[in-house]
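Student: Sharing a structure here in structure tokens format.
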Amino acid sequence: MREYEVVVLGAGGVGKSALTVRFVNDSFLEHYNPTIEEQYRREIAVDGEHIALEILDTAGAEQFTALNEVYITSGHGFLLVFSLTHEASLHDLDNIRQQVLHIKQGEPDLPIVIVGTKMDLYNEREVTSGALQELATSWGIPFYETSAKRNWNIQEVFQDLTKQMKAR
Ligand code: GTP
Ligand code: MG
């Protein structure tokens with residue numbers, strides 16, 4: 001079975017762990033417990049092929065540590081996660097994206113997906129679909145609006161990323 005390493009990156013509290021746990025365990029992580037580093041494993045079927053994903057859920061608080069550099073170096077695919085309810089977390093993705101591109105220098109077609117979280121919190125929303133689409137298009141990266149709480153678009157994110165990793 002093919003196996004890929006996925007690195008989940010983004011600012012603190014945006015919902016990286018909730019996204020990962022929804023995908024891996026199909027449950028919702030209600031209580032906020034800042035991550036240091038967690039690794040998960042799940043199989044996914046893409047176009048009839050079973051693929052093993054090693055998913056590394058990183059600490060938002062330590063975006064620019066040497067540790068993240070190690071993860072990015074060994075990673076095959078990257079989820080750039082921000083919260084639709086916190087505009088600053090979308091701007092944070094610019095630095096994270098630059099960091100990934102820098103560490104993976106010279107590698108074309110890096111598998112990346114942008115993930116907007118907490119879509120269910122309509123009243124707290126700060127990022128419009130239009131603004132997200134504009135940024136993602138300018139970067140040439142696919143994006144999804146998701147809710148780990150409601151299980152919206154979670155499978156789609158991992159399907160898209162895995163397809164990209166397979167295609168390389
Ligand atoms: P760090 O590990 O500190 O980097 O944070 P994180 O990005 O892993 O955030 P985490 O997944 O722990 O989620 C933070 C808080 O947001 C938790 O209380 C989650 O329950 C909540 N949350 C995450 N995703 C969603 C969502 O889709 N909808 C709602 N309503 N809340 C969410
Ligand atoms: Mg976390």
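Student: Could you tell me whether the stretch 119-140 includes any residue that is within 23 Å of GLU37 (Cβ to Cβ) and away from ligand 1 (no atom under 16 Å from the Cβ)?
Tutor: No - not one qualifying residue is present in the stretch 119-140.
Student: Hey, another quick one. Report yes if some residue within the stretch 88-103 is within 16 Å of ligand 2 (Cβ to nearest atom), in a strand (DSSP E or B) and among the hydroxyl-bearing types (Ser, Thr, Tyr); otherwise report no.
Tutor: No, there is no match, as no residue in the stretch 88-103 is within 16 Å of ligand 2 (Cβ to nearest atom), in a strand (DSSP E or B) and among the hydroxyl-bearing types (Ser, Thr, Tyr).
Student: While we're looking at this one, here's another question. With the requirement that a residue be within 9 Å of ligand 2 (Cβ to nearest atom) and of a type outside the set (Phe, Trp, Tyr), what does the stretch 22-35 give you?
Tutor: Passing the criteria: LEU29, ASN33, PRO34, THR35.
Student: Looking only at strands (runs of 3 or more DSSP E) that fall completely inside the stretch 1-87, which ones have 3 or more residues that are within 16 Å of ligand 1 (Cβ to nearest atom) and of a type in the set (A, V, I, L, M, F, W, C)?
Tutor: Hits in the stretch 1-87: 2-10, 77-83.
Student: Continuing with this model, one more query. Show the residue pairs meeting these rules: Cβ distance below 7 Å; 6+ apart or different chains; first residue within the stretch 131-155 and under 20 Å from ILE44 (Cβ atoms) and at pLDDT 95 or above; second residue assigned to a strand (DSSP E or B) and within 9 Å of ligand 1 (Cβ to nearest atom).
Tutor: Once the first residue is under 20 Å from ILE44 (Cβ atoms) and at pLDDT 95 or above and sits in the stretch 131-155, its partners that are assigned to a strand (DSSP E or B) and within 9 Å of ligand 1 (Cβ to nearest atom) give THR146/THR117; THR146/TRP152; ALA148/THR117.
Student: Considering the stretch 126-141 alone, what residues qualify as being buried (at least 18 other Cβ atoms within 10 Å of the Cβ) and in a loop (DSSP other than H, G, I, E, B)?
Tutor: Passing the criteria: VAL127, ILE141.
Student: Here's a follow-up. Looking at ASN123, ASN68, which is the one that is out of contact with any Lys or Arg (no Cβ under 8 Å at 6 or more places or on another chain) and within 16 Å of ligand 2 (Cβ to nearest atom)?
Tutor: Step by step, each of ASN123, ASN68 is checked, and only ASN68 is out of contact with any Lys or Arg (no Cβ under 8 Å at 6 or more places or on another chain) and within 16 Å of ligand 2 (Cβ to nearest atom).
Student: Give the stretch 104-136 a look and list any residue that's touching a Phe, Trp or Tyr at 6+ places or on another chain (Cβ under 9 Å) and more than 20 Å from VAL6 (Cα to Cα), or say none.
Tutor: MET119, ASP120, VAL127, LEU132, GLN133, LEU135
The values are calculated or read from the model by the stated rules, or taken from the named source; none is laboratory data. Computed from a predicted model, the values in this text were never measured in an experiment. No Cβ is skipped: glycine too gets one built from the backbone with ideal geometry, and neighbour counts run over all protein chains shown.
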